[in-house]
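Trainee: For reference, the structure I am asking about is given below.
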C-alpha cells in the first residue's frame, strides 16, 4: 500500500484523476475506514490531483462535513427493481440497502428485525436522513425542470 500511495503521489499532476475503488476495504471495517480516511486526507492535502473514491465505510462519508475539499455523491438505487439506476446524485452520501434487499428477497422477519436492532437505531436514522436528502434533491430537480419549461 505504501508503494502504491507513493507511486500515485510521484506520478500525479494537477491534471491527474486518481480512482480508488472501495478504499480501506478488505480488513477490519474500523481500521479500513481509518486507513481510507487517512489516505484520502493525505491526497487532499497535496492538492495536486483529483481523487474519486468509492466506499461503504460510513466514516468516509463524513469527510465532507469536516473538510470542504471533499464532496459526496452516490448512485441512485431503485428499491423496487433492486438495481442501481446509474444516475449520480451529487451532494448526497450513499446509504446501505442490505436489509431492505434482504427483505425483498424474503428473509425471515425475525432475522430482519434482529439485523435492524444490531445495526442500530442511529444508523437507521442516518439512512432516513439520506433518503430524505435524496427525495428533496429529486423534488428540487423536478421543480427546476418545470421552471425551465416555463422559461422556454
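The values are calculated or read from the model by the stated rules, or taken from the named source; none is laboratory data. What you are looking at is a predicted structure, and each value in this text was computed from that prediction instead of being measured. Neighbour counts run over all protein chains shown; Cβ positions are idealised from the backbone, glycine included.
Trainee: I need a count of the residues in region 1-58 that are outside any strand (DSSP E or B) and surrounded by 10 or more Cβ atoms within 10 Å (Cβ to Cβ). Write out each step before concluding.
Mentor: Residues of region 1-58 outside any strand (DSSP E or B): 1-16, 21-49, 54-58.
Those still in the list that are surrounded by 10 or more Cβ atoms within 10 Å (Cβ to Cβ) too: 4-9, 11-12, 16, 22-25, 27-46, 48-49, 54-58.
Number satisfying all stated conditions: 40.
Trainee: Might you check whether a residue that is in a loop (DSSP other than H, G, I, E, B), within 24 Å of residue 24 (Cα to Cα), in contact with a strand residue (DSSP E or B) (Cβ under 9 Å, 6 or more places away or on another chain) and modelled with pLDDT under 85 occurs anywhere in region 97-117?
Mentor: Filtering region 97-117 down to residues in a loop (DSSP other than H, G, I, E, B) leaves 97, 105-108.
If we keep only those that are within 24 Å of residue 24 (Cα to Cα) too, we end up with 97.
From the residues that got through so far, the ones that are in contact with a strand residue (DSSP E or B) (Cβ under 9 Å, 6 or more places away or on another chain) too are 97.
From what's left, modelled with pLDDT under 85: 97.
Scanning region 97-117, I find at least one residue that is in a loop (DSSP other than H, G, I, E, B), within 24 Å of residue 24 (Cα to Cα), in contact with a strand residue (DSSP E or B) (Cβ under 9 Å, 6 or more places away or on another chain) and modelled with pLDDT under 85, so the answer is yes.
Trainee: Related question: Do we have residue 122 as modelled with pLDDT under 85, outside any strand (DSSP E or B) and more than 30 Å from residue 4 (Cα to Cα) here? I'd like the intermediate steps shown before the answer.
Mentor: Details: modelled with pLDDT under 85: yes; outside any strand (DSSP E or B): yes; more than 30 Å from residue 4 (Cα to Cα): yes.
Taking the combined requirement at face value, the residue satisfies it.
Trainee: Turning to a different aspect of this structure: State whether one or more residues within region 65-81 are over 17 Å from the mean Cα position of the chain (by Cα) and free of Cβ contacts under 8 Å to residues at least 40 places away in the same chain.
Mentor: Scanning region 65-81, I find at least one residue that is over 17 Å from the mean Cα position of the chain (by Cα) and free of Cβ contacts under 8 Å to residues at least 40 places away in the same chain, so the answer is yes.
Trainee: Another question, if that's okay. Return the only residue of 130, 101 being in contact (Cβ under 8 Å) with a residue 12 or more places away in the chain and under 16 Å from the mean Cα position of the chain (by Cα).
Mentor: Working: 101 fails: under 16 Å from the mean Cα position of the chain (by Cα).
Checking each option against the conditions leaves just 130.
Trainee: Just the residues that are within 30 Å of residue 43 (Cβ to Cβ) and either surrounded by 13 or more Cβ atoms within 10 Å (Cβ to Cβ) or touching a helix residue (DSSP H, G or I) at 6+ places or on another chain (Cβ under 8 Å) (or both), please, taken from region 74-83.
Mentor: Initial filter on region 74-83 (within 30 Å of residue 43 (Cβ to Cβ)): 74-77.
Hits for region 74-83 are 74, 76, 77.
Trainee: Something else: Of all residues in region 38-66, how many are over 13 Å from residue 22 (Cβ atoms) and in contact with a helix residue (DSSP H, G or I) (Cβ under 6 Å, 6 or more places away or on another chain)?
Mentor: Step one: list which residues in region 38-66 are over 13 Å from residue 22 (Cβ atoms), which gives 38, 41-51, 58-59, 61-66.
From what's left, in contact with a helix residue (DSSP H, G or I) (Cβ under 6 Å, 6 or more places away or on another chain): 51, 59.
Of the residues in region 38-66, 2 are over 13 Å from residue 22 (Cβ atoms) and in contact with a helix residue (DSSP H, G or I) (Cβ under 6 Å, 6 or more places away or on another chain).
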